[in-house]
Amino acid sequence: MTPTITAFESSPDRGRGLARDMRVRWAFEEVGQRYDVRLVSFAQMKQPAHLAVHPFGQIPTYEEGGLALFESGAIVLHIAERHPGLLPEDPDARSRAIGWMFAAVNTVEPPIVERSMAGVLERDEPWYEARLPMLDERIRARLGQLSDRLGDSDWLDGAFSAADIMMVTVLRRLDGSGLLEAHPSLPAYIARGEARPAYQRAFADQLAVFARAQAAG
Ligand code: GTB
């Protein structure tokens, strides 16, 4: 059965591949699994039919037969566990890769999301200018630690894995912030991910959704 995921009908990122369906699309492309996409509006995400699958009324979701999943990390892990190629065979290496997936969403992503949400919701607030340097500093600390660990390696832990899908898509949200450039290994790491044919197919597919939405007005 072909899995179906949900994605924004019209993504606020204007096709830059920053919404979290991008990591799921990329994982599917890496393992060669076809998938369908159901596009949802913000209003539809808050309706009972969508809330039955995603209790928080968000995208992405994953449905296949009787299985319904939410949380992009859980969905990528599910794909990686059911197809070869995205997790090491060696049990210890596999556990480390899963650990990196958690690190991406639990340790690196939160301050990045907080900064980006502050930019949207607090930009006109009197405290914004004072808060931004503090948010930037928290991100800089994480990027420094990540860059130290990555060193000269191509990927987080040995061969490319689902952990790199998660980490690259988390870091991409900093594009244009000026924060990545202090650690040249990180833009290079992102570029390696973006150069993968599977990434490019996933990116083109989500961009096509945005282009169609624009054309439809
Ligand atoms: N922890 C969940 C996961 O990893 O799946 C978070 C899911 C989530 O935040 N989904 C967002 C959503 O559905 C879309 S991706 N938001 C609608 C809502 O909450 O009502 C987040 C996102 C949105 C927009 C941009 N952008 O414009 O750049 C980037 C990322």
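Considering segment 62-72, and only residues there that are closer than 19 Å to Ala163 by Cβ and without any contact (Cβ under 8 Å) to a residue 24 or more places away in the chain, the residue that is least open to solvent (accessible area, probe 1.4 Å) turns out to be Leu69. Arg25 satisfies every condition listed in (1) open to solvent by less than 50 Å² (accessible area, probe 1.4 Å); (2) free of Cβ contacts under 8 Å to residues at least 60 places away in the same chain; (3) under 17 Å from Leu69 (Cα atoms) except (2). Between Met117, Met101, the distinction of being part of a helix (DSSP H, G or I) and touching a helix residue (DSSP H, G or I) at 6+ places or on another chain (Cβ under 7 Å) belongs to Met101 only. Restricting attention to segment 12-41 and to residues that are of a type in the set (A, V, I, L, M, F, W, C) and in contact with a Phe, Trp or Tyr (Cβ under 8 Å, 6 or more places away or on another chain), the residue that is nearest to Gln206 (Cα to Cα) turns out to be Met22. Only one residue in Tyr189, Tyr199 is open to solvent by less than 60 Å² (accessible area, probe 1.4 Å), modelled with pLDDT of 95 or more and farther than 17 Å from Arg16 by Cβ, so which one is that? So the residue among Tyr189, Tyr199 that is open to solvent by less than 60 Å² (accessible area, probe 1.4 Å), modelled with pLDDT of 95 or more and farther than 17 Å from Arg16 by Cβ is Tyr189.
Only a single criterion out of (1) touching a residue at least 60 places away in the same chain (Cβ under 8 Å); (2) near the ligand (Cβ under 9 Å from one of its atoms) is not satisfied by Ser116, namely (1).
Residues satisfying the criterion are present in segment 88-97 (criterion: open to solvent by 70 Å² or more (accessible area, probe 1.4 Å), within 20 Å of Val170 (Cα to Cα), touching a residue at least 60 places away in the same chain (Cβ under 8 Å) and in a helix (DSSP H, G or I)).
Restricting Ile59, Ile75 to residues that are under 23 Å from Leu18 (Cβ atoms), touching a residue at least 24 places away in the same chain (Cβ under 8 Å), assigned by TED's automatic domain parsing to the domain that holds Ala19 and in a helix (DSSP H, G or I) narrows the list to Ile75.
Restricting segment 162-182 to residues that are under 9 Å from the mean Cα position of the chain (by Cα) and either among the charged types (D, E, K, R) or farther than 15 Å from Val108 by Cβ (or both), which is nearest to the ligand (Cβ to nearest atom)? Result: Arg173. In segment 53-80, the residue that is nearest to the ligand (Cβ to nearest atom) out of those that are small (Gly, Ala, Ser) and out of contact with any helix residue (DSSP H, G or I) (no Cβ under 8 Å at 6 or more places or on another chain) is Ala74. Could you check how many residues of segment 120-154 are open to solvent by less than 60 Å² (accessible area, probe 1.4 Å) and in contact (Cβ under 8 Å) with a residue 12 or more places away in the chain? So the answer is 11.
The values are calculated or read from the model by the stated rules, or taken from the named source; none is laboratory data. Bear in mind the structure is a predicted one, so any value in this text is a computation, not a measurement. Ideal geometry is used to build each Cβ from the backbone, glycine not excepted, and the neighbour counts take in all protein chains shown. These area figures cover heavy atoms from the full protein model, side chains too; ligands, DNA and RNA do not enter into them. Shrake-Rupley method; radii C 1.70, N 1.55, O 1.52, S 1.80 Å.
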